[in-house]
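Written out below as structure tokens is the structure these notes cover.
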Amino acid sequence: MIKVAVNGYGTIGKRVADAVAAQPDMEVIGVSKTSVSAEAYIAKKRGYPLYIADLGKKSAFEKAGIEIAGDVEAMIKAADIVVDATPGGVGEKNRPLYERLGKKAIFQGGEGHEVAGFSFNAHANYKEAEGHQFARVVSCNSTGLVRLIHALDQAFGVERVRAVMVRRGADPSDVKRGPVDAIVLNPATIPSHHGPDVNTVLPHINIVTLAMIVPTTFMHMHSIQMDLKKETTRDAVLKVFEDHNRIGLVRKATGIKSNAELREYTQDLGRPRTDLWENGVFEESVSVLNGKEFYCFQAIHQEADVVPENIDCIRALMGTVKDPQESIRTTNKALNFVAIG
Ligand SMILES: NC(=O)C1=CN([C@@H]2O[C@H](COP(=O)(O)OP(=O)(O)OC[C@H]3O[C@@H](n4cnc5c(N)ncnc54)[C@H](OP(=O)(O)O)[C@@H]3O)[C@@H](O)[C@H]2O)C=CC1
Ligand SMILES: O=C(OP(=O)(O)O)[C@H](O)COP(=O)(O)O
């Protein structure tokens, strides 16, 4: 069993911990937080040993009825590998600790590529992870882009990509964030960080991305255009998506045309926390014009799509499973995850 520590038990960390616990070859040896909050109670309920960054706060946790197993350093020492899901920028500060203790670690998209020097996506570069001490799972939007672009690049070759990301303003529980009544250019400059981020995994792709944020909390929406190298048809592209175990098709027959209806659908499917782990490509939008021009809309659930990628990244860095598809299938099966469509 691979002993996994989740440093940062928040939006991403709590999902990764549950996904690790579901795998046949991994166990959660601890999760961490800095302050007493609802997630500390969830960790207790799930039976995950809770560690804290500053032992000076131990009594505050104990007063709230939450037992503390030790400090973060003790947790890291007990682990084979760390998934660092602390807020963007904190991972970089944690890296010297992982170096000092000689532990492998996976960072998230809020960190720059340089934090690990290797950025990861299971379908695109799983085999390249072996031998690395550190990896970074690219951000949620970049994960969604990499999955789609890589699938079409393998099938038809990709000449260039132009994509617009309409990004959710905040996560559902982020009460302090906005916007409440604005469409914010984020950033106003072009490209947004997503194109260069895609290039950290797929360096040969010609891509320019633009991004803005809107007052929603559940999912980003991408509008994507690609020029393909080989002529193809809409049916052939749909077949690529149907065959992909992390790309789902939001079928025309469902009538779903928004993130809100897609959320309702994933909820009704009984997905834990309403998580859409796959890209939600809108079937009706999939278009091939003039043989080589591809267009689509896809929804990306920011809290969920990177979660299975972290699980595969654990096996890839540990070198326990050599074949990417074997890891991807194991991860999906343990999560009871079959892509929609
Ligand atoms: N949310 C999203 O949609 C996505 C986020 N990401 C990336 O994932 C990473 C985590 O983001 P997210 O889950 O949203 O963040 P959250 O703020 O939801 O969670 C962060 C967690 O880390 C804990 N924490 C903070 N500082 C420390 C520390 N020094 N040591 C140990 N634990 C600490 C926090 O505990 P406490 O609250 O007690 O301080 C909290 O539990 C970021 O890099 C982000 O960019 C990637 C894809 C999507
Ligand atoms: O990784 C994400 O977005 P991104 O791919 O746009 O960087 C997550 O939605 C977190 O983004 P945030 O930095 O707006 O919280």
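Laboratory data are not the source of any read-out in this text; all were calculated from the coordinates shown. Note that the structure is a prediction, hence the values are computed from the model and not measured. When we count neighbours, we look across all protein chains shown, and the Cβ atoms used for this are built from the backbone with ideal geometry, even at glycine.
Things worth noting here:
- Percent of beta bridges antiparallel (DSSP, region 140-300, rounded to nearest 5): 65
- Under DSSP loop assignment and at most 16 Cβ neighbours within 10 Å, longest trypsin sites (Lys or Arg not before Pro)-free interval of the chain: 1-175
- Where a label projected 7 Å from the Cα of residue 214 along Cα→Cβ would reach, residues of region 157-188 with amide N under 17 Å: 163-172, 178-187
- Those aspartates and glutamates that a straight Cα-Cα span of less than 14 Å connects to residue 44, excepting residues fewer than 8 apart in one chain: 18, 62, 67
- Estimated translational D of region 64-193 in µm²/s (Stokes, Kirkwood radius over Cα pairs; 25 °C; 0.890 mPa s): 140
- When only alpha carbons are used to place a centre, region 24-51 and region 145-179 end up 30 Å from one another.
- Within region 1-57, all pairs of alpha-carbon atoms sorted by distance into 10 Å bins from zero give the percentages 26, 57, 16, 1.
- Anisotropy class of region 1-105 from Cα gyration tensor, a/c 1.5 cut: oblate
- Cross-link table 176/257; 58/104; 104/322; 103/333; 33/77; 33/63, entries beyond 20 Å C-alpha to C-alpha: 176/257; 58/104; 103/333
- Couplings 3J(HN,Hα) for region 234-249, derived from phi with the Karplus relation 6.51 cos²θ - 1.76 cosθ + 1.60 (θ = phi - 60°), are 4, 4, 5, 5, 4, 4, 4, 5, 4, 7, 8, 7, 10, 10, x, 9 Hz, where x marks Gly and Pro.
- Tensor-based shape of region 140-300 (alpha-carbon gyration tensor, a/c under 1.5 rounded, otherwise prolate or oblate): oblate
- With a Förster radius of 25 Å applied to the beta-carbon distance between residue 99 and residue 189, the computed FRET efficiency rounds to 0.15.
- Anisotropy class of the chain from Cα gyration tensor, a/c 1.5 cut: prolate
- Inter-label distance, nm, simple model (7 Å from Cα along the C-beta direction), residue 173/residue 326: 3.6
- Placed amide H near residue 81: partners under 5 Å, 5+ positions off or other chain: 3, 5
- Between residue 37 and residue 269, the modelled labels are 2.8 nm apart [label points 7 Å from Cα along Cα→Cβ].
- Expressed to the nearest 5 percent, the antiparallel share of DSSP beta bridges inside the chain is 40 percent.
- Cα-based Rg and Dmax for region 125-169, where Dmax is the largest Cα-Cα distance (Å): 13.3, 37
- The chain - percent relative contact order, Cα under 8 Å, separation 6 or more: 17
- 28 Å Cα-Cα reach of residue 230 towards lysines, excluding residues that sit fewer than 8 places from it in its own chain: 127, 239, 252, 292
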